[in-house]
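J.: Handing you this structure, nothing more for now.
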Amino acid sequence: MNLVEKILARASGRARVTPGEVVIADVDRILLHDLSCYLTAKVLEEEVRQPVRYPERVVVVFDHHFSPPTEEQARMLQANRAWAQRHGVHLFDCGSGNIHHVALHAGFIQPGTVVVGSDSHTPVHGTVGCFATGLGNYSHAALGLPFGKAWFRVPELVRIEVEGTTRPGVTARDVALFLTGQIGEGGMIYRALEFAGPYVEGLEVFDRWLFPLIAVDVGAKSGHVQPDERTLNFLAELTGHRPEAVRGDGDDVAEVLGWEVSGLEPQVACPPTVGNVHPVSEVAGVPIQWAELGGHGGGRLQDIRLAAQVLRGRHVHPGVRFNVVPSSRWVFTQALREGLVEELHRAGATWFPPSAGSNQAINMGALAEDEAMVSTHARNFPGRNGSGRMYLASALTVAASAVAGCLSDPREFVR
Amino acid sequence: MKAQVRGRCWVFGDNVPTDAIVRSHLITRPMDEIRRHVLEGLNPRFPREVQADDVVVAGRHFGQSSGRAIAVRALKATGVGCVVAESFARTFYRNAFEMGLPILECPGITGLVSEGDVLTVDLEEGSVVNETTGGRAQATPIPPFLRRMLEAGGIIPIARQLAEGVDR
Amino acid sequence: MPTFVEKVLARAAGLAEVAPGQIVDVEPDLYMSHSASWRCIRALERLGTDRLYDPSRIAMVMDHISPARTAKTADDQRLCREFAARHGIAKFWDVDAGIAHLVLMEEGLVRPGMVIIGTDSHSTIYGALGAFGTGVGFSEVTATWVTGKLWMKVPGSLRVDIEGRMSPGVTAKDLMLWLIGQLTADGATYLSVEFHGSYPASLTVSERMTMCNLAMELGAKNAYVPPDDVTRAYLAERGVPPGAYEEVFPDPEAQYVRTVAVEVSQLEPQVACPHTVDNVRPIGEVAGTRVDQVFIGSCANAKYDDLVEAARILKGRRVAPGVRLLVTPASRQVVAQIVRDGTYAALLEAGALITNPGCGACAGDGGAMADGEVTFSTANRNFQGRMGSYRSEIYLGSPATAAATAVRGAITDPREFL
Amino acid sequence: MMEERVGGRCVRFGDSVNTDVIIPGRYLVSIDPVELAEHAFEPLGPEVQAKVRSAPVIVAGANFGCGSAREQAATCLIGAGVRAVVARSFARVFFRNCINTGLLAVECPAAVEAAQDGDEVWVDHREGLVEVAGRSFRFAPYPESLRRILESGGLIPYLKQVLATQAR
């Protein structure tokens, strides 16, 4: 069995499972953010009327708001706090960081487990070798919270093998964007993805992170990297506890796709969709007014360090506002210790509280018509950020564009 | 669950995100308000003129992006009888059955219909008949597990049975 | 014999002298508009002219909502940016700069003897540098853009003589709240408030800003601290030499409507209770009141000194469980300072949520409360509904009291931590 | 253009009514009098709001309009149909904003003393007279310069006239 089948078989109490069959599996972790917690709790309280069976498995992170701008939103958070307290679930209030980064940093994600969440990018946790996927509020309210279970149709597994050595200025984010464009939105509906090959295996864990992250954007159910020594060391360092890993047997895959990325240019996902990916040379020169490090795929320490490489000795273009949103308090504190907060501030960037940042423009990130933002965020669909256009790119490209005032190839800035 | 839905169709393209079904800033509003803005960015006439039992037809990967269940709830609140698409984003697909909105995957459907055609959709057989043109298409039949959910009106009524393994 | 305001308005009106009650046309030296600038631009469109009297006197700072969270606000802000570019308005600061008042003072644009109008009522703050600052409506700023002139009624003056040294943990904010409690919210309506004596002379410009800022809550038209070496040093640090301004002092024989003498040695920390700024109690009477949120921000108390004061209490301690501590530094410069000296790290490690600089929760940009919630705030207003629900409450006090309150989760005398 | 004599039924308020009560900050995204009027006095509840909408005159105690410099505190009253505010005293920026938006604001402590909620109150700003239920009270009329602004309907219309005259 492959990794997904092994995890789902274990979780559903079966000797083996095969693609296509429906299983009812135990879930080890349920992740809810501020918006979905509210809606899920409402369904649970009003329609299901059952207690939360395993509160210790439930993690709520307020990340879309770093501070409620309206009374209506304050009420929603107040209701969430009361609900979390009543049921004894884990709560991380505003300013803790992005839901997925917080959950991982706080040690809630372990290899071989079933992780479900209302956020569609929940598959990102497959980075450490778990089966992770996004479910709707009704799944959580009807089965997850009251019974600790979820139904799954066992997916077919597709292995994506990436090899090659990228050139300086080309990052894991560029490779991930490139794959999104190659596979296409919806190209992998209902399937699970295994990211493999020397390129992916050679990456540090927080760079591998960027691959399972794209699973949902190509329509997949989940994405993972087989856990290895690096994964286990990473988790041991994070939590002080070295977990056991489950690995797939390797043969049970429906399809194997391969890419060689040595010659790759930096990539940009252009409006209106995540799959509309172009090499930076095709879009360089498009004026931008906003730049942001943040979101599920950005705001990592790695991103902040990369941006600092570009901004060292330079200043943000006067026509651009550059927002930096750390992915968690840990990252923020570490960036402060490394002097990166001062460095980026001095270069003209503005620091924001750890959160989802401009995702859906709840505290920030609404654009005027004809304005454009380049960011490390995961989505660029129209309507999420006011009237403007969103471009997605690597931290290097975001920083380089912030300096130039238009989409720019970061290789001109880092050598 | 009705066995058949008959109504005018509204046609949308590929990769329609949930953000386009319900825009982000509306999600905390009352459903009565949200309903009046469903899919308005793609077709402003839709929320104003949609009638009970109308059929939404879409291309590939309908309902991608955020897994917000409110996208399904809002579509349901417009009175739409069912959604027929080339394919669905998986969270949308789950949400639809879990909330009792009939949907059918029907490869080739977008080539068969034009906006405003009258369709008859048989949910049990999975057949789609374009009464305006006489064309027909066969959808992937709804798997028994999900059909049961749909017949129950969603996941909540059968949750206990599922959890206790009556299904096995 | 003229007071400060009579001298400064006479100069700006081109008259030898003016008397209280007289209506004069003055030529302000600087016109500040904040996030309301788009309204000024729309009013200008209604006027049907594009001719500005003197673009170099126009200053715009996008501080109240920073950055935008709706397309409408984003459009309004873009309108301001484009207007500034089109008219060559060099004194334009975007959403990342901070609170307008602070930005203008830090940039050395506010100088003794100047007459400054602003679309913000707390424009009285410019008195901290010996300037005349007053709040006006946006239509008035628009009219001044075009004509360079504005009518003003010369106010009478209130003189406050303040002597003594305060004990540690008691600040200029406590003094002002106490004074507002004593004189009430309209104790200085239409009046120019002058602060004299050894106490204001002993303060930093930052603390003087707090005093002149809060004078607005007495109903004052403007406020004033006589310029001195502290003022000159502040300006010199910002590249403004003494020759670049003319200090204005009241005549020793000046006529005041009222004179108040205050001795501050025995003053305790003070708290303004809901829902008016003059509902002031000594800390002992409200200590123990449970809070959900603490906000350290606003033009009253989010300056460098204020955040250092708060951090002194928070360093090595943690915000009480269940309490949110929201810190919004006043400006980019303040952020740079607190990052450099470790204050930022101390606040962060104590559990504070530090936002980007700006008006923040004081202007309704974050920090909203649900029914029944309570915020302790270092801002200058606690009116019903100002931070969310009409059924929530705001208590006002100093940064030190705010920090102590955050640690305990209930209103706390900061002297317990010093 | 403003008539010399305006008035009607009055609604009475106490001291220090602040601008956050008159028009909460969250509505300042608008400058339209009618839109703003919907939210005037919202913190005090719908009964008070209805009273204000049916009363052309506000009678208030000391320090009316204290708080922020927001001009919409005057604009929203105009939108609500208020023609005059008679107070014991005004916060100064509010007073300026009234003149500048063409709303009559009169300080007349004796009239405030005499007026009961619901009384007929009429103001003649040229004569400097407030009538309360038939009794007359004097106040100092506006200086010429302010009267011209007020009678033009506010500062912007006034300035428009001035600019037009200069252009001729």
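J.: Return a yes/no flag: does region C:66-81 have any residue that is within 17 Å of the chain's Cα centre (by Cα), more than 8 Å from every other protein chain (Cβ to nearest Cβ) and buried (at least 24 other Cβ atoms within 10 Å of the Cβ). Show your work before the answer.
T.: Taking region C:66-81 and keeping what is within 17 Å of the chain's Cα centre (by Cα), we get none.
The answer is no, given that none of the residues of region C:66-81 is within 17 Å of the chain's Cα centre (by Cα), more than 8 Å from every other protein chain (Cβ to nearest Cβ) and buried (at least 24 other Cβ atoms within 10 Å of the Cβ).
Listed here are the residues, each with its yes/no results for (1) farther than 24 Å from A:VAL115 by Cα; (2) outside any helix (DSSP H, G or I).
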residue: A:GLY223; (1), (2): no, yes
residue: A:THR231; (1), (2): no, no
residue: A:PHE234; (1), (2): no, no
residue: A:GLU244; (1), (2): no, yes
residue: A:GLY248; (1), (2): no, yes
residue: A:VAL253; (1), (2): no, yes
residue: A:GLY275; (1), (2): yes, yes
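J.: Are any residues in region D:52-63 crowded, with 18+ Cβ neighbours inside 10 Å and away from chain C (no Cβ under 14 Å), and if so, which ones?
T.: Correct list: D:VAL52, D:ALA55, D:PRO56, D:VAL57, D:ILE58, D:VAL59.
J.: A follow-up question, please. Just to verify a result, which residue in region B:119-139, among those that are assigned to a loop (DSSP other than H, G, I, E, B) and within 14 Å of the chain's Cα centre (by Cα), is nearest to the other protein chains (Cβ to nearest Cβ)?
T.: Here is the first cut: in region B:119-139, the residues assigned to a loop (DSSP other than H, G, I, E, B) are B:123-126, B:131-135, B:139.
Okay, now just the ones that are also within 14 Å of the chain's Cα centre (by Cα), so B:123, B:126, B:139.
Working: B:LEU123: 19, B:GLY126: 17, B:ALA139: 15 Å.
Going through the qualifying residues, I end up with B:ALA139.
J.: Output the qualifying pairs, or none if there are none: Cβ atoms under 6 angstrom, residues six or more apart or on different chains, first residue in region C:330-351 and at positive phi, second residue at pLDDT 95 or above and surrounded by 18 or more Cβ atoms within 10 Å (Cβ to Cβ).
T.: Filtered contacts from region C:330-351: C:GLY351/C:VAL319.
J.: On to the next question. Within region A:51-72, count every residue that is within 14 Å of another protein chain (Cβ to nearest Cβ), assigned to a helix (DSSP H, G or I) and surrounded by fewer than 21 Cβ atoms within 10 Å (Cβ to Cβ).
T.: Adding up the residues that qualify gives 1.
J.: Turning to a different aspect of this structure: Identify all residues within region B:52-91 that are within 8 Å of the chain's Cα centre (by Cα), assigned to a loop (DSSP other than H, G, I, E, B) and at the interface with chain A (Cβ under 10 Å from one of its Cβ atoms); write none if there are none.
T.: Across region B:52-91, there are no qualifying residues.
J.: Condition check: touching a Lys or Arg at 6+ places or on another chain (Cβ under 8 Å), surrounded by 24 or more Cβ atoms within 10 Å (Cβ to Cβ) and within 7 Å of another protein chain (Cβ to nearest Cβ). Does C:LEU326 satisfy that?
T.: Working: touching a Lys or Arg at 6+ places or on another chain (Cβ under 8 Å): no; surrounded by 24 or more Cβ atoms within 10 Å (Cβ to Cβ): yes; within 7 Å of another protein chain (Cβ to nearest Cβ): yes.
No; evaluated as a whole, the condition is false for this residue.
J.: A follow-up question, please. Could you list, ordered by first residue, the pairs with Cβ atoms under 8 Å in which the first is in region A:331-353 and closer than 20 Å to C:GLY358 by Cβ and without any contact (Cβ under 8 Å) to a residue 40 or more places away in the chain and the second is assigned to a helix (DSSP H, G or I) and basic (Lys, Arg), at least 6 apart or interchain?
T.: A:GLU342/C:ARG340; A:HIS345/C:ARG332; A:THR350/C:ARG332
J.: How many residues are more than 16 Å from B:ALA89 (Cα to Cα), within 10 Å of chain B (Cβ to nearest Cβ) and either hydrophobic (A, V, I, L, M, F, W, C) or surrounded by fewer than 24 Cβ atoms within 10 Å (Cβ to Cβ) (or both) when one looks only at region A:131-144?
T.: Final tally of qualifying residues: 3.
J.: Report whether or not A:LEU8 is closer than 15 Å to A:LYS149 by Cα and in contact (Cβ under 8 Å) with a residue 12 or more places away in the chain.
T.: Numbers: closer than 15 Å to A:LYS149 by Cα: yes; in contact (Cβ under 8 Å) with a residue 12 or more places away in the chain: yes.
Yes: the conditions hold for A:LEU8.
J.: Only one residue in C:ALA368, C:ALA336 is at the interface with another protein chain (Cβ under 10 Å from one of its Cβ atoms), of a type in the set (Gly, Ala, Ser) and surrounded by fewer than 22 Cβ atoms within 10 Å (Cβ to Cβ), so which one is that? Please lay out each step first, then the result.
T.: Working: C:ALA368 fails: surrounded by fewer than 22 Cβ atoms within 10 Å (Cβ to Cβ).
Result: C:ALA336 is the single residue among C:ALA368, C:ALA336 that is at the interface with another protein chain (Cβ under 10 Å from one of its Cβ atoms), of a type in the set (Gly, Ala, Ser) and surrounded by fewer than 22 Cβ atoms within 10 Å (Cβ to Cβ).
J.: Do we find that C:VAL136 is of a type in the set (Val, Ile, Thr), without any contact (Cβ under 8 Å) to a residue 60 or more places away in the chain and not assigned by TED's automatic domain parsing to the domain that holds C:GLY397 in this structure? Break it down into steps so the answer makes sense when it comes.
T.: On the way: of a type in the set (Val, Ile, Thr): yes; without any contact (Cβ under 8 Å) to a residue 60 or more places away in the chain: yes; not assigned by TED's automatic domain parsing to the domain that holds C:GLY397: yes.
Considered against the rule, which asks whether it is of a type in the set (Val, Ile, Thr), without any contact (Cβ under 8 Å) to a residue 60 or more places away in the chain and not assigned by TED's automatic domain parsing to the domain that holds C:GLY397, C:VAL136 comes out as yes.
J.: Would you please name the residue that is surrounded by the most Cβ atoms within 10 Å (Cβ to Cβ), looking only at residues in region D:1-37 that are free of Cβ contacts under 8 Å to residues at least 40 places away in the same chain and part of a loop (DSSP other than H, G, I, E, B)?
T.: It comes out as D:PRO24.
J.: Only residues that are within 10 Å of chain C (Cβ to nearest Cβ) and in contact (Cβ under 8 Å) with a residue 12 or more places away in the chain: list them for region D:141-155, please. Walk me through it before giving the result.
T.: Quick first cut of region D:141-155, residues within 10 Å of chain C (Cβ to nearest Cβ) only: D:142-146, D:149, D:154-155.
Scanning region D:141-155 gives D:TYR142, D:LEU146, D:ILE149, D:GLY154, D:LEU155.
J.: Quick check on A:ARG75: is it away from every other protein chain (no Cβ under 12 Å), free of Cβ contacts under 8 Å to residues at least 24 places away in the same chain and assigned to a helix (DSSP H, G or I)? Let's see the steps before the verdict.
T.: On the way: away from every other protein chain (no Cβ under 12 Å): no; free of Cβ contacts under 8 Å to residues at least 24 places away in the same chain: yes; assigned to a helix (DSSP H, G or I): yes.
When the stated conditions are applied, A:ARG75 does not pass them.
J.: Would you mind stating whether A:VAL48 is under 28 Å from B:LEU146 (Cβ atoms) and not assigned by TED's automatic domain parsing to the domain that holds A:VAL331? Full working, then the answer.
T.: On the way: under 28 Å from B:LEU146 (Cβ atoms): yes; not assigned by TED's automatic domain parsing to the domain that holds A:VAL331: yes.
Judged against the criteria, A:VAL48 is a match.
The values are calculated or read from the model by the stated rules, or taken from the named source; none is laboratory data. Source: prediction; values computed, not measured. Methodologically, a virtual Cβ is constructed for each residue, glycine included, from the backbone with ideal geometry; neighbour enumeration extends over all protein chains shown.
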